[in-house]
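As structure tokens, the structure follows; a few thoughts come after it.
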Amino acid sequence: MDDKSVQLLEFPSIRERLAGLTTFPPGRRLAESIVPWDDPVLVARGLDETDQARSLLEERSTVGIGAAHDIGPSIERAARGGRLDPGQFLEIAETLDAVGRLGTALADERRPLLHELGRELHPLPALRGTLARSFDPVGELLDSASPRLGGLRAAVRVAYDRLRRRLDALVQSETASGALQEPIITLRNGRYVVPVRADARSRVKGIVHDASGSGQTLFVEPLVAVELGNAWREAQAAEREEIERILDELSALVAANAVMLRSSLGALACFDLWAAKARLAAEMDGVRAETADRPEVILLGARHPGLSGRVVPIDIRLGDGYTALVVTGPNTGGKTVTLRTLGLLALMHQAGLHVPAEAGSRLPVFGDVFADIGDEQSVAQSLSTFSGHLRSIIRIVDSAGPGTLVLLDELGAGTDPTEGSALAQALLDHFIRAGALVAATTHYAELKAYAHTTPAARNASVEFDLESLTPTYRLTIGLPGGSQAFAIAERLGLPTAIVDDARSRLTENQRTFEATLASLRAAEDETSDALERARAAEVRALDALRQAQDERRSARRERDEVVSAARAEAERSVADLREEIRSTRRALERETVTAKALDSAIADAEALLVAVPEVVALPVEPLAADVPREWQLGDRARSRSQGWEGRISALERNGKRVTLEAGGLRITVDAADLEPSPGPEPTMPVGETLAAIWPSERSAMRASRRHEPREGSSAESSAGSSPDRGPTAGVAASRTRSVASSLDLRGARVDEALEILGRYLDDASLAGLDRVTVIHGLGTGALRDAVRVGAAANPLVRELRPGERGEGGDGATIVSL
């Protein structure tokens with residue numbers, strides 16, 4: 001990237017802001033060296049880093065590098081054979097702790113870049129354990145650092161205690177004789193001494209190590225303590241030698257792990273940078289701009305990162321149908337800020353940073369970004385404003401081409417307006433032909449006309465509030481802006497006569513142009529207001545339709561709940577009825593039922609029949625066809641193209657694709673292809689269905705009751721006189737014809753299959769079938785096993801076996817009733 005343009009667009013301030021969000025020096029150094037890339041692969045990688053770090057911190061805000069230190073100098077010193085001090089070892093230990101914690105946090109494979117970074121973190125538990133045994137939390141070497149250190153330190157303490165006791169005894173004895181200046185023991189040149197008066201020197205035999213400034217006091221090591229002092233110093237020397245040996249040994253251990261320590265330090269620095277990028281994105285409320293595959297800029301709600309307070313977002317579009325944008329408007333209206341925002345956000349995007357804009361923004365990867373912004377005049381170099389601008393523009397003309405972005409502030413300014421505007425038009429033509437995207441600001445009316453008549457160029461303007469004399473900073477693409485010089489002069493108090501005189505000096509074409517521009521702006525304002533009102537009405541209408549949909553769905557759910565409850569109650573009643581019938585049949589088979597008991601059973605069954613609720617299918621009101629329905633998991637729906645009906649088991653692509661499930665089978669279709677389905681409803685109220693079934697069962701029981709031997713009559717006579725025998729046989733024959741000899745359960749879930757199997761066996765038994773075939777298929781074997789276990793437990797089943805060849809093999813079960 002062009003370094004001068006990077007400086008002009010204030011990218012270094014973003015880099016400094018990013019560095020301030022890092023937490024330790026290696027991460028800060030990486031942040032200070034970040035640059036925009038011109039390689040789409042590197043740009044995508046940088047944006048992915050920011051995305052994944054931001055996702056992690058939003059999920060777990062406490063993740064970080066903890067108490068890690070910049071241990072790079074310590075690693076290099078140890079690698080060169082140097083000795084590290086205890087403080088450096090303590091920093092290495094704390095850094096390894098941070099490495100272990102961060103490695104655990106990055107183990108989640110949902111974020112591949114972070115997971116890959118976590119593999120570069122090496123906690124080195126052996127080194128960390130050795131350091132933990134060797135140093136306490138403040139960096140002091142522990143006795144456990146080596147087998148000898150504890151014993152040597154004990155010897156130092158013993159030698160010291162002996163020396164102190166001997167000196168204490170000497171001080172007490174010499175004090176009485178008045179030879180000591182003070183009754184104390186002090187240290188001189190590493191030896192313990194006592195302060196002896198100079199005039200009593202001969203009374204204390206020993207070695208003089210020092211004297212006071214006045215010469216009145218001599219610091220003497222008594223001869224009786226010399227050997228003890230020597231023993232103490234020798235013990236100290238042995239301890240010091242062992243400590244140095246331990247530090248050398250630990251330094252060598254660090255050197256042996258230098259490669260993995262460097263890797264861990266680099267990974268910590270990378271995560272610190274990625275986390276800083278995520279924090280900067282959250283701080284600016286930024287988003288990841290989509291990377292356009294062609295030179296096209298779409299910035300929605302863009303905000304300059306350097307502005308504070310209430311920032312007015314702007315929309316910038318460039319490259320879709322036009323490659324040049326000419327921005328006009330009054331001074332301080334925001335023209336230059338528009339250029340800076342466009343350029344800086346492009347650089348941030350290519351540095352892998354999120355940009356302060358709204359979702360849907362798109363930026364390409366520019367090969368280079370050029371900017372000529374600000375005053376380039378220099379007295380020292382004899383450069384005027386025009387010359388300074390022109391020197392920069394010449395440099396840009398030589399380098400600009402396809403895939404580059406050119407930003408020019410006050411193009412053609414600083415010289416004769418006629419020549420300056422002509423030169424500006426020629427430059428814009430050159431950049432358009434070169435294939436670059438160009439945005440320029442100007443006050444020249446000729447450039448406004450140029451942008452209006454050139455197909456590859458568009459006008460844009462910044463708005464200005466004439467009432468408050470303040471800019472609104474809103475950018476409008478499609479209309480040129482006015483300088484508003486006369487209006488501003490009037491509002492500031494310039495005499496009206498002077499302003500009118502100035503207006504009269506405009507040419508007729510200029511006055512016509514300004515009037516036309518004013519009328520266009522007024523029409524644009526009216527159109528915008530009407531559009532806003534239409535959008536508001538559309539939003540209200542959609543809200544009302546969604547509310548109606550919600551109410552209909554709620555009513556449908558309530559209806560479904562009522563139907564489900566009624567169906568469940570009906571099934572319970574039918575189950576009770578069947579059990580009553582089975583119980584009565586068993587009693588008949590045992591010939592233990594009496595007429596009274598049979599009448600009671602019939603009465604109970606009829607009472608159950610009366611209790612069965614009627615289920616009435618409610619009509620389904622279709623939803624409005626012109627409003628896309630928001631489908632929910634569990635909704636019943638039907639595919640118009642496939643004819644498939646079932647429940648929604650999965651939603652994909654933000655609800656645009658749905659998966660329907662029915663009978664264990666699934667199909668995925670577009671949500672727009674679906675229409676609501678009320679689900680399978682009974683074709684006849686349950687009570688009527690049971691009433692249609694019940695008479696045959698009731699007739700059979702009453703016939704059995706007539707067959708029962710009564711007092712004073714024989715079974716034969718009763719059987720011979722039974723008028724219901726013929727109808728009962730007819731009912732049984734009818735049931736036999738209505739129940740199939742096989743049941744196909746393939747595709748059903750286990751719980752559904754067992755429920756269907758139970759009802760089927762009941763019906764087959766009532767129909768008088770001796771043997772039936774249950775088809776369940778092979779599959780995983782779960783359905784087969786469940787069917788055979790359920791059938792074996794059914795009291796109506798005498799025996800069962802797998803199917804043989806010609807009967808379906810192991811994919812079917814033959815059940816004898």
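The values are calculated or read from the model by the stated rules, or taken from the named source; none is laboratory data. What you see is a predicted model, and the numbers here were worked out from it, not measured in a lab. So basically every Cβ, Gly included, is an ideal-geometry build from the backbone, and we count neighbours across all protein chains shown. Side chains are part of the model used for accessible areas, which takes the heavy atoms of the whole protein and leaves out ligands, DNA and RNA. Shrake-Rupley method; radii C 1.70, N 1.55, O 1.52, S 1.80 Å.
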Charged-residue dipole, Cβ positions (Lys, Arg, Asp, Glu), the stretch 247-303 about Cα centre, Debye nearest 20: 180
Lysines with Cα under 22 Å of K335, excluding same-chain neighbours fewer than 8 positions away: K4, K448
Formal net charge of residues neighbouring A786 (Cβ-Cβ distance under 14 Å; K, R +1; D, E -1): 0
For S742, distant residues with modelled amide H under 5 Å away: T773
J(HN,Hα) series, the stretch 11-19, from Karplus relation 6.51 cos²θ - 1.76 cosθ + 1.60, nearest Hz, glycine and proline x: 5, x, 5, 5, 4, 5, 5, 5, 4
Probe 1.4 Å, all protein chains present, accessible-area order of R391, R28, largest first: R391, R28
Rounded if a/c under 1.5, otherwise prolate or oblate - the stretch 402-443, Cα gyration tensor axes: oblate
Residue-normalised accessible area of the stretch 24-68, expressed per residue, 1.4 Å probe, Å²: 51
Other-chain or far-sequence residues with amide H under 5 Å of V297's (modelled H): L318, G319, D320
Packing-based order for 324-334, 6-16, using average beta carbon neighbours within 10 Å, highest first: 324-334, 6-16
Alpha-carbon centroids, the stretch 297-311 and the stretch 387-443: separation in whole Å: 25
For the stretch 79-156: accessible area per residue (Å², 1.4 Å): 51
Normalised contact order of the stretch 1-130, rounded percent, pairs of Cα under 8 Å and 6 or more residues apart: 19
Length added when fully stretched, R505-D315, from 0.36 nm per residue minus Cα-Cα: 64.8 nm
Whole-Å distance, taken between Cα centres, linking the stretch 97-150 and the stretch 28-45: 30
Area accessible to solvent at H776, 1.4 Å probe radius, in Å²: 10
Carbon plus sulfur fraction of accessible area for the stretch 1-108, probe 1.4 Å, in percent: 50
Ranking by accessible area, most exposed first, for F24, F464 with a 1.4 Å probe: F464, F24
Label-point separation, V539 to S742 (7 Å along Cα→Cβ), nm: 6.3
Nonlocal amide H pairs with Y473, under 5 Å, H built at 1.01 Å: E463
Solvent exposure of the stretch 305-444 as accessible area per residue, Å², 1.4 Å probe: 37
Trypsin sites (Lys or Arg not before Pro) lying in DSSP loop within the stretch 40-70, provided at most 10 other Cβ fall within 10 Å: none
Tensor-based shape of the stretch 29-91 (alpha-carbon gyration tensor, a/c under 1.5 rounded, otherwise prolate or oblate): oblate
Dimensionless Rg/Rh of the stretch 255-375 - Kirkwood Rh, Rg from C-alpha atoms: 1.11
In order through the stretch 786-795: 3J(HN,Hα) via Karplus (6.51 cos²θ - 1.76 cosθ + 1.60), integer Hz, x for Gly, Pro: 5, 5, 5, 5, x, 5, 5, 7, 7, x
Extended-chain gain in nm, criterion 0.36 nm per residue less alpha-carbon gap, R666 and A782: 39.8 nm
Percent of beta bridges antiparallel (DSSP, the stretch 216-372, rounded to nearest 5): 75
For the stretch 759-816: relative contact order, % (alpha-carbon pairs under 8 angstrom, 6 or more apart): 40
Solvent-accessible area of K656 with every protein chain in place, 1.4 Å probe, in Å² to the nearest 10: 140
Karplus 3J(HN,Hα) series, Hz, for the stretch 423-434 with 6.51 cos²θ - 1.76 cosθ + 1.60 (x for Gly, Pro): 5, 5, 4, 5, 5, 4, 4, 4, 5, 5, 5, 6
Full-stretch length increase - I185, A126 - with 0.36 nm per residue and alpha-carbon distance subtracted: 16.6 nm
